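Below is one structure, written out as structure tokens; comments come after it.
The values are calculated or read from the model by the stated rules, or taken from the named source; none is laboratory data. Everything numeric here is computed off the predicted structure, so don't read it as measured data. Note that each Cβ is placed from the backbone with ideal geometry, even for glycine, and that neighbours are counted across all protein chains shown.
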């Protein structure tokens, strides 16, 4: 019974964060992703913030609802920010090797801002309960 519960918890809480991280990796592996021109000059940064906001929320949720290591659960906010930010840095490094892509420090900053927003939104959601 416990194995089934752990498996269900994984698919409910941890898998969405993993799947979304894989989706980000796949999209960042495409040589050029056409973005709509909104004539504001930083459309791609908005996309980074939005994607990493969702990732930060999902990582916070994944860590908070894992029941194996309680110290992770108690520190889910900091862990989700660190993990999401490291993923953003590694994703930008990965893009350095993709034809037509570049590693951009401002994209990394947008990723970190998104993670902070997402983790904070999840923390606010948990504190509201």
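State yes or no: is residue 65 at pLDDT 90 or above, surrounded by fewer than 19 Cβ atoms within 10 Å (Cβ to Cβ) and under 17 Å from residue 16 (Cα atoms)?
Working: at pLDDT 90 or above: yes; surrounded by fewer than 19 Cβ atoms within 10 Å (Cβ to Cβ): yes; under 17 Å from residue 16 (Cα atoms): yes.
Taking the combined requirement at face value, the residue satisfies it.
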### Task
Please state which one of 24, 59, 105 is at pLDDT 90 or above and surrounded by fewer than 14 Cβ atoms within 10 Å (Cβ to Cβ).
105
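Given 80, 29, which one is more than 25 Å from residue 125 (Cα to Cα) and either at pLDDT 90 or above or surrounded by 17 or more Cβ atoms within 10 Å (Cβ to Cβ) (or both)?
Details: 80 fails: more than 25 Å from residue 125 (Cα to Cα).
Residue meeting the stated conditions: 29.
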### Message
Could you tell me how many of the residues in region 83-103 are farther than 23 Å from residue 122 by Cβ and touching a residue at least 60 places away in the same chain (Cβ under 8 Å)?
### Response
6
### Query
Name the helices (runs of 4 or more DSSP H) wholly within region 54-129 that hold at least 2 residues that are within 11 Å of the chain's Cα centre (by Cα)?
76-95, 105-128
